[in-house]
């Protein structure tokens, strides 16, 4: 009975983590550029029991009995599938149309150290800064250029035009070009190494082959669309089905613990009588 209770408890812990993952996906179904995660499970250590008496029935499985100890959450995989594009007509809304490409932004950790972050959310804004205009994300983080420097434009810039390869051209009220800058775009070749930093931002570890900055001759690989935004790649129908199935599995294991407890109570009652 104790084994059945421990097995069910272990599995309930893994199912709870999957519920958390599904809930996080659903909560961000309307977040621009959000990438869903998918939970996968692995079996815990099993015990092989052989040489059982009178075990002569024909079978297709290996001989003996294998006692499991439940399941555990093996990983939560980042699904980088392209989300749907929505036309906004806003000049500073940029949508990357290649799955493995990310905008570069500047992040600051709680200790004040600055690092390069990555995001698929291209809803950018202009904010005044020291007499110039800075290109920032929706929560005010600086957007970086190909040299990993914050993008700053002259104060008189009023018009913005983005090329398909990520070159932003700013013009003044008379239509004269006042600045031209290349957006910082990185190709993430190993997205499962990305580390979530919250607020739809990620960082990449210094691992060879994990990321490539698309600068210089590599800028021809960039694919970005102006006046559009990439929506979340969450399928609400799929997530809700997974949520219901996981909830039922959780209830089943909770019921297994309850039944095991009742059986232990019966055994204790028989001993006391």
(Q) I need every pair where a residue in region 63-82 that is closer than 26 Å to residue 100 by Cβ and assigned by TED's automatic domain parsing to the domain that holds residue 195 has its Cβ under 9 Å from the Cβ of a residue that is at pLDDT below 70 and not in a strand (DSSP E or B), sequence separation at least 6 or different chains. (A) none
Q: Identify all residues within region 179-202 that are in contact with a strand residue (DSSP E or B) (Cβ under 9 Å, 6 or more places away or on another chain) and either surrounded by fewer than 16 Cβ atoms within 10 Å (Cβ to Cβ) or not assigned by TED's automatic domain parsing to the domain that holds residue 147 (or both); write none if there are none.
A: 180, 189, 190, 192, 195, 196, 197, 199
Q: Of the conditions (1) over 17 Å from the mean Cα position of the chain (by Cα); (2) touching a residue at least 60 places away in the same chain (Cβ under 8 Å); (3) not in a loop (DSSP other than H, G, I, E, B), residue 164 clears all except one; give me its number.
A: (3)
**Q.** strands (runs of 3 or more DSSP E) lying entirely in region 1-115 (those with 2 or more residues that are within 21 Å of the chain's Cα centre (by Cα) and modelled with pLDDT of 95 or more)
**A.** 85-87, 94-96, 101-108
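Could you list, in sequence order, all residues of region 133-147 that are surrounded by fewer than 16 Cβ atoms within 10 Å (Cβ to Cβ) and either modelled with pLDDT under 95 or within 20 Å of residue 98 (Cβ to Cβ) (or both)? Walk me through how you get there before you give the answer.
So in region 133-147, the residues surrounded by fewer than 16 Cβ atoms within 10 Å (Cβ to Cβ) come out as 138-140, 147.
Result: 138, 139, 140.
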Q. Is it true that some residue in region 230-246 is surrounded by 14 or more Cβ atoms within 10 Å (Cβ to Cβ) and in contact with a strand residue (DSSP E or B) (Cβ under 8 Å, 6 or more places away or on another chain)?
A. yes
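The values are calculated or read from the model by the stated rules, or taken from the named source; none is laboratory data. Predicted model, so just to flag it, every value in this text is computed and none were measured. Virtual Cβ from ideal backbone geometry, glycine too; neighbours counted across all protein chains shown.
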